[in-house]
Structures are given as structure tokens and as C-alpha cells.
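Visitor: First the structure, then my questions, so here it is.
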Amino acid sequence: MAEQVDGVVVGAGVVGLAVARALALRGREVLVLEAAPAFGTGTSARNSEVIHAGLYYPQGSLKARLCVQGRELLYAYCAARGIAHRRCGKLVVATAEAQRGALRAVQAHALGNGVPLHWLERDAARALEPALECVAALLSPETGLVDSHALMLSLLADLEQAGGVLAVNSAVERMECTQGAIEVVAKDGTCLHARTVVNAAGLGAPDLARRTRGLDAALVPQPRYAKGNYFTLSGRAPFSRLIYPVPEAAGLGVHLTLDLAGQARFGPDVQWVDGPDDLAVDPARAEAFDAAVRTYWPGLPGGALAPGYAGIRPKIFDAQGAAITDFVVQGPAVHGVPGLVNLFGIESPGLTSALALGALVADML
């Protein structure tokens with residue numbers, strides 16, 4: 001016999017937990033199913049922990065709108081709950097005169113997204129960060145850092161206080177859209193009949209959607225995996241802000257980020273891989289990282305970079321092979337299945353946008 005439940009959220013990363021929390025706070029019965037032995041062990045545990053201001057995303061896109069909304073929600077939430085965070089700011093730097101145009105384009109684009117930036121010539125930028133080398137820079141005062149694990153712990157606590165439940169080691173085998181319910185079948189054979197289901201399975205979301213009988217497979221994007229490698233710095237970096245080069249294809253370049261203790265890490269780069277489990281960092285990539293970092297920090301000590309960790313960006317593509325660059329929040333208005341929401345391509349700024357995504361999905365259901 002299938003157990004009747006009100007709502008199921010598949011995936012307990014930061015977005016899945018934020019969605020489940022939003023539903024539970026609205027009085028919904030919520031069960032979160034997580035395949036791993038603990039929450040937040042996938043993409044949510046393998047990123048830069050940056051609170052993004054919303055500079056780069058296409059105007060009018062979900063990424064642009066939810067990043068700006070989510071940033072303010074996240075700062076307020078962290079302040080209210082005592083979650084470690086810091087509005088440290090970042091500098092986007094042009095390291096050659098030929099990049100000034102690209103930097104101006106970033107400034108204009110950010111302003112269109114409602115994100116003001118401050119233009120700094122070389123001397124003004126170096127007054128803030130004396131170790132920096134550049135010809136010009138943009139200062140983003142709204143960029144920050146957050147303890148992502150503490151954030152997820154708090155979201156889970158909110159969920160459980162509102163009556164929600166997290167079940168780990170609970171991989172979903174398949175789903176079936178039936179009249180009046182969505183059947184969720186776990187790999188251990190457990191069968192649930194849910195009135196609503198949110199597929200927040202991250203890197204596995206497209207595959208789960210393809211294993212959903214009754215959902216038009218033509219609406220499911222093709223996943224590709226963009227690995228981002230990080231290298232750590234031995235010793236302390238002479239920077240108090242994040243340092244980003246001008247953006248590059250598929251990513252934001254090898255940038256310098258800090259953890260809340262001030263330890264520096266560099267990355268991510270972009271390495272296309274065959275699957276989501278390719279998480280080893282090749283030490284040989286240190287040479288390319290070293291060269292990239294020296295364009296804005298020529299004083300980087302030799303041999304100071306060590307392999308750190310890697311994460312996978314959940315990139316998605318349409319049937320013609322064209323990249324889909326925005327979040328895809330696909331509800332009944334698109335696929336026609338009552339009570340089902342699929343979240344595809346929730347890469348950066350997913351962490352920043354998590355609370356706003358939670359509210360958006362709750363509104364759809």
C-alpha cells in the first residue's frame with residue numbers, strides 16, 4: 001500500500017531545503033527525500049560560498065531577479081539567525097587596457113539589473129588592495145560570504161520546527177504522474193502518493209525527470225557537467241575582498257575568494273567532464289591557475305597553490321544542443337502535470353537565490 005503524503009521535495013541541498021522550508025512555513029506537510037547519507041553534500045558543499053550581488057545575469061532572467069531578491073533575503077536571514085556571514089565586497093578587475101571595454105560592459109549590465117558598481121582606476125583600486133595589479137576595477141559592495149553549512153542547518157531546523165521531515169539515504173527510483181497524485185517510488189521499494197512534488201535533485205534533476213512517467217520527455221533539458229577545480233593558498237593572502245577577473249565563457253574566471261577565516265582559495269576554472277562524480281583535482285592544473293592568478297596578483301609566492309576541491313555546475317542544454325543559461329523552474333503551466341515542479345540548471349547563483357527560489361516555488365504550488 002502506498003503511503004499518502006501532502007508534499008515531497010526530492011533533494012536536500014540548499015535549494016531543496018529552502019523550498020521545503022517555504023512550503024512548511026505555509027502549513028504544508030513536507031517530506032524531503034535525500035539520496036545521500038546527509039543533507040547538503042553535493043553542489044551545495046562544493047562552491048565558493050559567495051553571496052552574489054547580481055552583476056552578470058541577463059536582464060529579466062530568473063537568475064537576475066532571484067539573485068537580487070535572494071541576496072537581500074539571505075543577508076536579513078543570516079543576521080536574524082546569527083549565521084556567520086560577511087558583506088566583504090569584491091573587485092572585478094581589468095588587467096589589460098584591452099579589457100576596459102569589457103569592464104564597462106559589466107558595469108552597464110549590472111546597473112540594468114539594479115546593482116550599482118563603483119568604477120575605480122588603478123590607484124584607487126590599489127588603495128583598497130595594495131597587492132592587486134590592474135588597470136581599472138569595479139567595486140561591488142554588496143558581494144559577501146556565508147557559512148553555507150550553517151545556513152543549511154538553520155533551514156533544516158526551520159523545516160523541522162514547522163513539522164517537516166528529512167529522510168536521508170532515500171534515493172528516488174522513479175515517479176509516475178497519476179490522476180490526483182504523483183507516485184514516488186524509492187529505490188528500497190517504498191511507495192508514496194504525493195499531492196505535490198518538487199524535483200530539486202540538483203545534478204540529478206534531469207535524470208529524475210526522465211524517470212517520471214507521464215511527463216513529456218521533450219521538456220526535459222540535457223545535462224552537461226562543467227567541473228570547477230579549486231586550489232588553496234598556503235599562507236595568508238594579502239586581500240580583504242574577493243578578486244574576480246572579467247568574465248569568461250561558462251564561468252567567471254579563476255578568481256580569489258576567501259573563507260570567513262580569511263583563508264584564500266582560487267577557482268573555479270571550467271573543465272567539461274563526462275559525469276557528476278569526477279571530483280578529483282589534477283595537481284597539473286596548478287600551472288594554469290598560477291598564470292591566471294598572477295595577472296592580478298603578481299606577488300603570488302611560487303609553489304603556493306595546492307589542490308583543494310572540485311564542484312560540478314549543473315549546466316543544461318536544449319534538444320538542439322544550445323546552452324540554456326537561465327534557471328528553469330518548470331511547473332504545471334509548462335508541463336501540465338498538477339502539483340509537480342522541476343528545478344533544472346540551478347547553478348550559481350543558486351546559493352544566493354535559495355530563499356527567493358523557495359518563495360517562488362511555494363507560490364506555484
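Quick note: the coordinates plus some simple rules give every number you see, no bench work behind them. Predicted model, so just to flag it, every value in this text is computed and none were measured. Note that we place each Cβ from the backbone using ideal geometry, even for glycine, and neighbour counts take in every protein chain shown.
Visitor: With +1 assigned to the C-beta of every Lys and Arg and -1 to the C-beta of every Asp and Glu, and no other charges, what is the dipole magnitude of the chain about the Cα centre in debye, to the nearest 20?
Guide: About 620 debye.
Visitor: Now, a different point. Rounded to the nearest 500, what is the chain's calculated 222 nm mean residue ellipticity when only DSSP H runs of at least 4 contribute -39500 (n - 2.57) each, over all residues?
Guide: Computed ellipticity for the chain at 222 nm equals -8500 deg cm²/dmol.
Visitor: Roughly what angle does helix 148-161 make with the longest principal axis of the chain, taking Cα atoms, 0 to 90 degrees, to the nearest 10?
Guide: Result, in degrees: 30.
Visitor: Three principal axis extents, largest first, for the C-alpha atoms of region 1-119, in Å?
Guide: Ordered largest first, region 1-119 gives principal extents of 68, 29, 28 Å.
Visitor: Still on this structure, I have one more. Can you give the three extents of the C-alpha atoms in region 166-221 along their principal axes, from longest to shortest, in whole Å?
Guide: 30, 28, 17
Visitor: Separation of region 131-162 and region 2-38 by C-alpha centroid, Å?
Guide: Taking the Cα centre of each part, region 131-162 and region 2-38 sit 23 Å apart.
Visitor: For S61 and L219 in the same chain, what is the full-extension length gain: residue separation times 0.36 nm, less their Cα-Cα distance, in nm?
Guide: 55.0 nm
Visitor: Now, a different point. For region 57-133, run through the trypsin sites (Lys or Arg not before Pro) and keep only the ones in DSSP coil with at most 13 other Cβ atoms within 10 Å of their Cβ.
Guide: none
Visitor: Sticking with this structure for a sec: Cβ under 12 Å from V361's Cβ, V361 left aside: what net charge do those residues give with Lys, Arg +1 and Asp, Glu -1?
Guide: That works out to +2.
Visitor: Another question about this same structure. Angle between the Cα long axis of helix 350-364 and the longest principal axis of the chain, 0 to 90 degrees, nearest 10?
Guide: Compared with the principal axis, the helix lies near 30 degrees.
Visitor: Could you give the dipole magnitude of region 97-243 about its Cα centre, charging the beta-carbon of Lys and Arg +1 and that of Asp and Glu -1, in debye to the nearest 20?
Guide: I would put it at about 360 debye.
Visitor: Checking the cross-link filter: which aspartates and glutamates have an alpha carbon closer than 19 Å to that of K63, excluding same-chain neighbours under 8 positions apart?
Guide: Candidates past the 8-residue exclusion: E49, E72, E142, E248, D318, D326, E347, D363.
Visitor: If you don't mind, there's one more thing I want to ask. Can you give me the Kirkwood hydrodynamic radius for region 213-365, using every pair of distinct Cα atoms, in Å to one decimal?
Guide: 17.7
Visitor: Here is a further query. Excluding residues fewer than 8 places away in the same chain, name every one of the lysines whose C-alpha is closer than 29 Å to that of K187.
Guide: K227, K315
Visitor: Using Stokes-Einstein with the Kirkwood hydrodynamic radius over Cα pairs, what translational diffusion coefficient do you get for the chain at 25 °C and a viscosity of 0.890 mPa s, in µm²/s rounded to a whole number?
Guide: Estimated via Stokes-Einstein, D reaches 116 µm²/s.
Visitor: Another question, if that's okay. Could you give each residue of region 259-265 its phi-based ³J(HN,Hα) in whole Hz, using Karplus coefficients 6.51, -1.76, 1.60 with θ = phi - 60°, and x for Gly or Pro?
Guide: Karplus values, whole Hz, x for Gly and Pro: 8, 5, 8, x, 6, 8, 9.
Visitor: Report the label-to-label distance for R210 and A131 in nanometres (one decimal), using points 7 Å from each Cα along the Cα→Cβ vector.
Guide: 4.5
Visitor: How far is helix 100-112 tilted, in degrees, relative to the longest principal axis of the Cα atoms in the chain, given as a value from 0 to 90 rounded to the nearest 10?
Guide: 40
Visitor: Please give the FRET efficiency for R100 paired with A76, using the beta carbon to beta carbon distance and R0 = 30 Å, rounded to the nearest 0.05.
Guide: Once the sixth-power term is evaluated, E becomes 0.25.
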